[in-house]
């Protein structure tokens, strides 16, 4: 495809994108950039972004993704509290989640996703019940890891964002699709940044 063809395709994508979706995408990107830097303001961006995406996903008939935004709003409030600076000036450190936590989380996500996908396919007009379910429940677990500054969250988001890119492409949510495609690169940056922070903390404590 020529440069003009790519530009025309992007213009067409943008023309079909609602203002709510575009604003949510920009705020979602701001959230991830702030999370990478471990800035507490990330949770304010998350709060605004999820409020917009609640409407976007509901009108797009991605019902579990819409419900997920309610959870995101609650976890944004918790994250704002958990990432506060303590009285002694210390902040919540980056740590690892244990193997048992990871395995329990993986099993729970698989079981609940299967149950809700079956229900969505049978009882609702969900646009993509299986990806809707899997990405929703995996996101629930991964966001909890972010709020507790567990570095393992980045591995979860690598998979979730890849699946979300596919789901949004299928649903013609193109601005959101581009956002999640961009997230894939930012996840790798965030993973490295948090790993270096853990290394520095371990060296300082040694």
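Where a number appears in this text, it was derived from the coordinates with a stated rule and is not lab data. Keep in mind that what you see is a predicted model, and the values were worked out from it rather than measured. Cβ atoms come from the backbone with ideal geometry, glycine included; neighbour counts cover every protein chain shown.
What to note about this one:
- Measuring nothing but alpha carbons in the chain and taking Rh as the Kirkwood radius, the Rg to Rh ratio lands at 1.00.
- Kirkwood's formula applied to the C-alpha pairs of the range 121-203 gives a hydrodynamic radius of 13.9 angstrom.
- Sequence-separation-based contact order of the chain, relative, with Cα cut under 8 Å and 6+ spacing, percent: 22
- Förster-model FRET efficiency, 25 Å R0, residue 40 and residue 166, C-beta, rounded to 0.05: 0.20
- Overall form of the range 42-150 per C-alpha gyration tensor (a/c, 1.5; a/b vs b/c): oblate
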